[in-house]
Amino acid sequence: MANPKEKTPMCLVNELARFNRIQPQYKLLNERGPAHAKMFTVQLTLGEQTWEAEGSSIKKAQHAAASKALNETTLPKPTPRPPKNNVNNNPGSITPTVELNGLAMKRGEPAIYRPLDPKPIPNYRANYNFRGMYNQRYHCPVPKIFYVQLTVGNSEFFGEGKTRQAARHNAAMKALQALQNEPIPEKLPQNGETGKESEEDKDANKSEISVVFEIALKRNIPVSFEVIKESGPPHMKSFVTRVTVGEFTAEGEGNSKKLSKKRAAMAVLQELKKLPPLPVIEKPKLYFKKRPKTILKTGPEYGQGMNPISRLAQIQQAKKEKEPEYVLLSERGMPRRREFVMQVKVGNDITTGTGPNKKIAKRNAAEAMLLQLGYKASTPLQDQPEKVRTN
């Protein structure tokens, strides 16, 4: 199969013609042969030169003529474009972040990315008052740059880029260059220390505000955030947020309410981490006693008052045996006084029952089977149908 990225001869001829500012012209000269095996002759004119070629289709003949023209033309050819360099300098399609994640898993150190606030861009136009259309029209906006902090174990790396993902790739490249040649650290230390480290790793993946609320919930302390100050012009607002967690208070400032709230939470976390650890309370183990089966479906008195068909089916299910099999044996009598004979088989036992319709005959057969198996009658004797036969 041809490479889809590779250009066809006709495409290359078009580029050649565009480079020389001429128009390629294809002309069908001849068509011969039977309908199932046609042969076409196409002529290509490029400037003052012409080429002819044949093919089993017009398109193939055009490509053949274009290939001849590329090999024999005396027109100046455009310089081929150099291949695009891989942005990540990474073989294949693996990005630096994916490669770093694999390395971090081997080392047992998670890769944690934290977005940083962009550096303030100096306002060069602040001291000028241009009113001319030229300066308003051709003012070039300064591109925004994103910054990311990457933490892998005890190492920190900083990346920057035009997008947040590009900044992550930049930081991951720096981390790979530093950590690829380092030996993989040994197993984690003792159990007591691993618990604390795992908790810190979990907290690192959460926002500071969520960690403050979790600590307050565990210690049963009230939490409140309040914006106490708002200053600056509309396009450069500054907010100050105060957080109160029990006896501790802290303030944070930022160019948005969310950022000031986050910085206030970071400040109060430093104080909350100094609190003594909470005592560990072991939860008592709960033991559940199995309820004894109050009803034994295999007892002779089980299911009295139930429909014999359902009763027999439930008894067989309780015994984990095959369900009853019902077969209509015969149908006799006059049209208005019909009599049906139904047979039921349970294991090696067989009984029959009769009735004016199939339902009653089936019910009587099931009742007869219950009596044969040693169970008590489903209904009192006076209510039982008269016609019950037993084999």
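Looking for something out of contact with any Pro (no Cβ under 6 Å at 6 or more places or on another chain) and loosely packed, with under 15 Cβ neighbours inside 10 Å - is there at least one such residue anywhere in region 264-272? Even if it seems obvious, please write down each step before you answer.
From region 264-272, those out of contact with any Pro (no Cβ under 6 Å at 6 or more places or on another chain) are 264-272; that's our starting set.
Those left that are additionally loosely packed, with under 15 Cβ neighbours inside 10 Å: 270-271.
Checked region 264-272: at least one residue is out of contact with any Pro (no Cβ under 6 Å at 6 or more places or on another chain) and loosely packed, with under 15 Cβ neighbours inside 10 Å.
Report every pair of residues separated by at least 6 positions or lying on different chains whose Cβ atoms are under 6 Å apart, first residue within region 229-242 and in the same structural domain as Lys261 (by the TED database), second in a loop (DSSP other than H, G, I, E, B).
As it stands, the answer is Ser238/Gly232, since those pairs meet every condition given.
Restricting to region 347-362, give me the number of residues that are touching a strand residue (DSSP E or B) at 6+ places or on another chain (Cβ under 7 Å) and either buried (at least 20 other Cβ atoms within 10 Å of the Cβ) or closer than 14 Å to Asn307 by Cβ (or both).
The qualifying residues number 7.
So how many residues does region 321-346 have that are more than 17 Å from Arg311 (Cβ to Cβ) and β-branched (Val, Ile, Thr)? Before the answer, list the steps.
First pass over region 321-346, keeping only residues more than 17 Å from Arg311 (Cβ to Cβ): 327-341, 343.
In the following step, the residues that additionally are β-branched (Val, Ile, Thr) were identified as 327, 341.
Counting residues in region 321-346 that are more than 17 Å from Arg311 (Cβ to Cβ) and β-branched (Val, Ile, Thr) gives 2.
Among (1) modelled with pLDDT under 85; (2) closer than 30 Å to Phe146 by Cα, there is one condition Glu99 misses while meeting the rest; what is its number?
Exception for Glu99: condition (1).
If we keep just the residues of region 28-57 that are surrounded by 15 or more Cβ atoms within 10 Å (Cβ to Cβ) and of a type in the set (Asp, Glu), which is nearest to the chain's Cα centre (by Cα)?
Glu54
Report whether or not Lys77 is surrounded by 11 or more Cβ atoms within 10 Å (Cβ to Cβ), modelled with pLDDT of 90 or more and outside the structural domain of Gln149 (by the TED database).
No: the conditions fail for Lys77.
Could you give every pair whose Cβ atoms fall below 6 Å, whose first residue belongs to region 340-367 and is under 16 Å from Glu325 (Cβ atoms), and whose second residue is at pLDDT below 90 and of a type in the set (Lys, Arg), counting only separations of at least 6 or pairs across chains?
From region 340-367, the pairs are Thr352/Arg389.
Taking the condition of being open to solvent by 40 Å² or more (accessible area, probe 1.4 Å), under 16 Å from Arg363 (Cβ atoms) and assigned to a helix (DSSP H, G or I), how many residues in region 311-346 meet it?
Residues flagged as open to solvent by 40 Å² or more (accessible area, probe 1.4 Å), under 16 Å from Arg363 (Cβ atoms) and assigned to a helix (DSSP H, G or I) within region 311-346 amount to 1.
Every residue in region 17-27 that is of a type outside the set (Phe, Trp, Tyr) and open to solvent by 70 Å² or more (accessible area, probe 1.4 Å), please.
Result: Arg18, Arg21, Gln23, Gln25, Lys27.
Every residue in region 228-258 that is in contact with a Phe, Trp or Tyr (Cβ under 8 Å, 6 or more places away or on another chain) and either within 22 Å of Pro115 (Cβ to Cβ) or in a helix (DSSP H, G or I) (or both), please.
Result: Thr241, Val243, Glu253, Gly254, Asn255, Ser256, Lys257.
Please verify whether region 205-222 includes one or more residues that are open to solvent by less than 70 Å² (accessible area, probe 1.4 Å), at pLDDT below 80 and at negative phi.
no
Does region 21-56 hold any residues that are touching a strand residue (DSSP E or B) at 6+ places or on another chain (Cβ under 7 Å), over 24 Å from Pro78 (Cβ atoms) and in a loop (DSSP other than H, G, I, E, B), and which are they?
Scanning region 21-56 gives Gly33, Lys38, Ser56.
Hey, does region 170-185 have a residue that's modelled with pLDDT under 75 and open to solvent by less than 90 Å² (accessible area, probe 1.4 Å)?
yes
The values are calculated or read from the model by the stated rules, or taken from the named source; none is laboratory data. What you are looking at is a predicted structure, and each value in this text was computed from that prediction instead of being measured. Virtual Cβ from ideal backbone geometry, glycine too; neighbours counted across all protein chains shown. These area figures cover heavy atoms from the full protein model, side chains too; ligands, DNA and RNA do not enter into them. Shrake-Rupley method; radii C 1.70, N 1.55, O 1.52, S 1.80 Å.
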